[in-house]
Amino acid sequence: MLTLILLLIPLVASIIALFLRGELVKWFSLIATVVQLAFTVYVFTVFKAPNAPEVTNSLLSLNIDWINTPKINFNIGLDGMSLLMVILTNLLMPLIVLAGFNRNQERTHIMYSLMLLMHFALIGVFVSFDGFLYYIFWELALIPIYFISLNWGGVNRATVTLKFFIYTLAGSLLMLFGFLFLYWNTASHSLSWFDLTMNHICSCKQGFIFWMFFLAYAIKIPIIPFHTWQPDTYSSAPTQGTMLLSGIMLKMGLYSLLRWLLPILPMGTAEYTPYVIAMCFIGVVYASVIAIMQTDLKKLFAYSSIAHVGLIAAGIFALNVQGIQGGLVQMLAHGINVVGVFYCADIIINRTGSSDINTLGGIRVLSPRFATYFLIIVLGSVALPLTNSFIGEFMLLLGLFEYHSWAAIFAGLTVILGAVYMLRMYQKVMLGDVNENVTIFEDLKWNEELVLATIAILIFAFGIFPKPILELVAPISEQIYRLSFVR
Amino acid sequence: MTETVIQTSNLFMPTILIPLLPLLGFIINGLFGKKLGHASGWIATTMLLASFACSLFLFFNLPAGGSETVVLSNWFYFKDIFIPFAFLIDPLTITMLLVVTGIGSLIHLYSIGYMHDDEGFSRFFTYLNLFVFFMLILVMGNNYLMMFIGWEGVGLCSYLLIGFWFKNQAYNDAAKKAFIMNRIGDLGFLVGMFMMLFHFKTLNYDQVAIGALNLGIGNITIVGITLALFIGAMGKSAQLPLYTWLPDAMAGPTPVSALIHAATMVTAGIYMIARSNILYSLAPHTLDVILIVGTATSIFAAIIGLLQNDIKKVLAYSTVSQLGLMFAALGMGAFESGMFHVVTHAFFKALLFLGAGSVIHALSGEQDMRRMGGLGKYIKITFATFLIGTVAISGIPPFAGFFSKDEILATAFEHNKIIWGLLSFSSMLTAFYMFRLLYLTFSTSFRGTDEVKHHIHESPIVMTLPLMILAVCSIVVGFIGLPPVLSHTHSFKTYLSSVFAQSKTIMPAGHEMSHSMEWILIGTAVGLALVSIAFAYNKYVMQKQTPVEDEQLSGLSKVVANKFYIDEIYNAVFVKPVMLLSDLFLVIIDKLIIDLLVHAVAFITSQVGRLLRLFQSGHVGFYMFAMVIGMIVLLVAQVFDVLGFFESLYTHK
């Protein structure tokens, strides 16, 4: 029941937002997302409360018959993994809304309504335990972001958005076929997650179905070579759209690997793991190397994000507990950090009108406060100890190391390369003498400062006290690990 | 889930206060630095002095040979692996604590004078306190991951402080270079930790040692772990081939060079190996590698130091060289001797750097020794203290450097005569370039402009007081480790004996050297140093030579003065190819191959659509024709059971 409320708050807010105008809609969206966040905290306490599993389960999950043939249920619930993703989404949404407070967009009410609709769809993806329902939410999430990018994006937005849309849609189509195969090849003819994890599909078919799902997720994550939609989309979408995409939406792919791929098709996974891991960690180094010479701020961050999520995917496919757990922890950390870097990019581009790092410089002289926040976020994304991404990265690399030591060392190059491109960027943009293009750099507005300070605090909070998060995902990591072995 | 254990011994409070006080200083200065103005310097210094007092308390209250673990909380854990926030207090830690907080306090005090007119005054002390905090975490942790927090943390502070004057892009480059080179080492450290977790399921020092002892001497796992950790040490302690960042790091303010790049941070690698002494004594092959790398670095850096003209660069190469000497000691299994040299070196090198800072301060920022000379008359305290430091590093008795160096050379003589020869040669070079520096700076007459000469002044008391204290220490600190010919008790060795007791049982013990032999060795070392000094005196004082301008260099000396072009080689071999690769990946693979394929799919789809559109011609006759053809095909299929044929193919095993 509580899960249903989590799902309904953004939906209702999205509808109400349509009827509001001007500044009011921003304040309304902020209040709605903060209420949602507060409610999430309550749900978290319920989840953690030492109740009997049945009691917790009855509070959190909901299973209503929807269609009889084919058997489709409205089945939603929360386990550690879902809750982690819900926390991530609800933590980032107020920040994303707040980020737009001093930006003027046309038809604000539609933009915010779409963002809230997207919020609804994302929560839906994370709480669905029925394949069909999950698929609906998965596709629904694409629609608002399509319109956001198309209407409020930058140069070349029509072409770029179309490419993004068709690319991911093609992936989704494969996944739909995958679900159909699953449906016909299981005795129970059900798409309930619990039934699917107990299927007995023969290994001859699992490999085939594996690729249908994997391609859909590989495009969404994105894993190289299915990434070419991403840098363009990130740089042409409006910043709030980029934050939604990079912070939350690409976690849909990673989450789905753990929820809908590994435990359901263990034999297919086992068969192709070596290839997939090779793809991932080559992608990590490949994307990091490209990021080194990028001159466009947003594209640089896009490639760095590809490298980071590639490492998460590789760790997940290492198929051991620390890899899976590290992957989950890192999803949260990456979501926070990537939203931070894109917001910093937006603040710079908004004030200077340039996203080319060669035409920037010396911003630290003009705005030391902004420089400090930016530095903290940069340090978070290069995974310095005591920042949030260190623990995830450590566990991921350890998981990879147990899988194959040289693979881990190769992927570990990202530790060095990450420092190279991030510090190079920071030096060119923030340090040195003031560039003539940057003569005026307005100090931070209250909402900007609030967003950046929150992100900075989160970076340290999760780096120093990761315990609650680790405890949250430990049981589910064990469970996914066990399910991911050949039955 | 082990519950948080709070131990209630009388050492608990001072232990946690030691790192917390500088952290508090960092927070206060970080938040209110602008408002505090010059008070921030005093706050930072006071915090560190209090930390020093706590360290002294630990020194006097820790039972001899004992150790104490203070667990604060669990940091993170997964599966059966727990990683706590915990401190280990034993003689080795206390040695490092005293060095870091003691010398650190003096350098903080000095900085109040040195940075007085800098607009980033409070920012400087913010970073400096943060550095000390991380350095303390590094030496106090009871597991490798705690060490790693400090390890990367000091790297960050080093980055911030090298690039302290961030408007200058050359300084920023130096800062970035330091961070990245350290990161290369850090990857080695990480891999070492992964191996430990994989084999021992723990990162706590004592448990790792137990696990390693079970594997036995020369086990390939231990060799792997120790080598990986050593790569980390090479980065942090600036050994070949990862040393090039340290000379560039002189871009930072001089107190930073003294604190971070001479006395404390760069010795972290030596601390790490001394801390892992059991592991290393089980891996003789790794020790050989360390010995070779250390010796080579020691000589290589000393040679480069001969022809540097920037006063700080000379000291930087001297640091690299001395660090090499310490590693050589570790490589011979003489962990105490390595640590002893860490301690003495911290005093006289901090003194030398601060003295150089005082010179630079007096000359309004001039660092080129060719524009100095004759300063002994003008800045007497600086000159006197600098002289003491120079004598100490050159290994003249009874100054501190003599004792620690002599110990290492004696060990080397027993271990391997060639190594002894090489290290003696390196010490001889050290004496030469240090006295070259001294004479060029303080003797003969001033070679700079009149305007600079007019401004020459002795530094204020906050700067000269630390110089004097360090000078006294540079004289007396050597007496904690008297050689066997002079005394039967080596108090430093005795103090640390509990830490290295176990590794002593693993490694074959060297036999006692005869006293006459030892006198000969001491005589040789001192003699060589005196010869070098005389040579330098003749060249730079008697003949009043000054180094030629850069353009006039030729031949071998040009190669040496240009540091063997190592930076240029690294640039050509590593940096340029990666940059090229980056462009190549983006333009060829990303844009051309992958994106072309993606667009090709889209193109083919649209072309197929265009083709299929032709069938929708609107001619009823064509549609009927197609229908008839279709019916015939179906009929044929029915008659010949084509479907069944395909089905049999599919089900056929």
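The values are calculated or read from the model by the stated rules, or taken from the named source; none is laboratory data. The structure presented is a predicted model; accordingly, all values stated were derived computationally and were not measured. In this analysis, Cβ positions are derived from the backbone assuming ideal geometry, glycine residues included, and neighbour counts consider all displayed protein chains. Calculation scope for accessible area: heavy atoms of the full protein, side chains included, ligands and nucleic acids excluded. Shrake-Rupley method; radii C 1.70, N 1.55, O 1.52, S 1.80 Å.
Between residue B:498 and residue B:531, full extension at 0.36 nm per residue minus the direct alpha carbon distance yields a gain of 7.9 nm. Taking a ≥ b ≥ c as the square roots of the eigenvalues of the Cα gyration tensor, the stretch A:193-292 is oblate, since a/c reaches 1.5 or more and a/b is not larger than b/c. If each Cα of the stretch B:327-415 is one equal point scatterer, what is log10 of I(q)/I(0) from the Debye formula at q = 0.10, 0.22 Å⁻¹? Result of the Debye calculation: -0.34, -0.97.
The relative contact order of the stretch A:344-429, computed from alpha carbon pairs under 8 Å that lie at least 6 residues apart in sequence, is 34 percent.
In the stretch A:280-294, burial by the other protein chains removes 20 Å² or more of accessible area from A:286, A:289, A:290, A:292, A:293, A:294, compared with the chain on its own (1.4 Å probe, ligands and nucleic acids ignored).
Determine Rg/Rh for the stretch B:358-561; Rg is computed over alpha-carbon atoms and Rh is the Kirkwood hydrodynamic estimate from the same atoms. Mind showing how you got there, number by number?
Working: Rg = 20.4 Å, Rh = 19.4 Å.
Reported Rg/Rh (Cα atoms, Kirkwood Rh): 1.05.
Approximating the spin labels as points 7 Å out from Cα along Cα→Cβ, the residue B:553-to-residue B:645 distance works out to 8.5 nm.
Spin-label model, residue A:295/residue A:64: points 7 Å from Cα along the beta carbon direction are separated by 5.7 nm.
With every protein chain in place and a 1.4 angstrom probe, the accessible-area ranking of A:159, B:382, A:352, largest first, reads A:159, A:352, B:382. Average accessible surface for the stretch B:452-495: 51 Å² per residue, computed with a 1.4 Å probe over protein heavy atoms with every protein chain in place.
Remark: relative contact order (chain A) = 16 percent; criterion is Cα-Cα distance under 8 angstrom and separation of 6 or more residues.
Ignoring ligands, DNA and RNA, what percent of the 1.4 Å accessible area of the stretch A:58-202 is carbon and sulfur? The nonpolar share, carbon plus sulfur, comes to 69 percent.
What number of lysine-lysine pairs in the stretch B:358-561 show an alpha-carbon separation below 17 angstrom, given a sequence spacing of 8 or more or placement on distinct chains? Could the numbers behind the result be given before it?
Numbers: B:377/B:453; B:377/B:544; B:380/B:453; B:405/B:417; B:405/B:493; B:493/B:504.
Qualifying lysine pairs in the stretch B:358-561: 6.
Each residue was assigned an accessible area with a 1.4 Å probe, and for residue A:465 the value is about 140 Å².
Which entries in B:34/B:312; A:251/A:298; A:445/A:467; A:467/B:35 show an alpha-carbon gap greater than 27 Å?
Working: B:34/B:312 30 Å; A:251/A:298 19 Å; A:445/A:467 33 Å; A:467/B:35 37 Å.
Those over the limit are B:34/B:312; A:445/A:467; A:467/B:35.
Does the stretch B:572-652 classify as rounded, prolate or oblate by the C-alpha gyration tensor (a ≥ b ≥ c root eigenvalues; a/c under 1.5 gives rounded; else a/b over b/c gives prolate, otherwise oblate)? Oblate.
If you take the beta carbon distance between residue B:625 and residue A:188 as r and set R0 to 60 Å, what does 1/(1 + (r/R0)^6) give as a FRET efficiency, to the nearest 0.05? After rounding, the FRET efficiency stands at 0.80. The contact residues of the stretch A:398-414, meaning those that lose at least 50 Å² of 1.4 Å-probe accessible area when all protein chains sit together rather than their chain alone, are A:398, A:401, A:402.
Using equal-weight Cα scatterers in the Debye expression, the normalised intensity of chain A in log10 at q = 0.10 Å⁻¹ is -0.70.
Could you list, in their original order, any pairs among B:177/B:313; A:428/B:176; B:167/B:576; A:220/A:299 whose Cα atoms are separated by more than 19 Å?
Numbers: B:177/B:313 16 Å; A:428/B:176 11 Å; B:167/B:576 25 Å; A:220/A:299 17 Å.
Flagged as over cut-off: B:167/B:576.
Residue B:573 sits with roughly 80 Å² accessible to a 1.4 Å probe, with DNA, RNA and ligands left out of the calculation.
With all protein chains in place and a 1.4 Å probe, the accessible surface of the stretch B:380-534 carries 72 percent carbon and sulfur. The largest accessible area among A:259, B:371, A:482 belongs to the first residue in A:482, B:371, A:259, and the rest follow in falling order (1.4 Å probe, all chains). In percent, rounded to a whole number, the relative contact order of the stretch B:358-561 is 33, using alpha-carbon pairs under 8 Å and six or more apart. Spacing of the modelled spin labels on residue B:60 and residue A:271, each 7 Å from Cα toward Cβ, amounts to 7.5 nm.
Translational diffusion coefficient, Stokes-Einstein: compute it for chain B using the Kirkwood radius over C-alpha pairs as Rh, at 10 °C and 1.306 mPa s, and state it as an integer in µm² s⁻¹. Calculated translational D: 58 µm²/s. How tilted is helix A:142-152 with respect to the longest principal axis of chain A? Cα atoms for both, answer in degrees (0 to 90, nearest 10). The two axes meet at around 20 degrees.
Let me check I've understood the local charge: for residue A:338, count other residues with C-beta under 12 angstrom from its C-beta, Lys and Arg +1, Asp and Glu -1. What total comes out? Numbers along the way, then the final one.
Values: positive: A:251, A:298; negative: none.
Counting the neighbours of residue A:338, the net charge comes to +2.
Accessible surface buried by the A/B pair amounts to about 5000 Å², both sides summed, 1.4 Å probe.
Between residue B:450 and residue B:170, what FRET efficiency follows from the Cβ-Cβ distance if R0 is 30 Å, with the result rounded to 0.05? Let's see the in-between values first.
Numbers: r = 28 Å, r/R0 = 0.94.
For residue B:450 and residue B:170, the calculated efficiency is 0.60.
Helix content alone sets the calculated 222 nm mean residue ellipticity of chain B: runs of n ≥ 4 DSSP H residues at -39500 (n - 2.57) each, divided across all residues, give -23000 deg cm²/dmol. The heavy atoms of residue B:407 offer some 20 square angstrom of accessible surface to a 1.4 angstrom probe.
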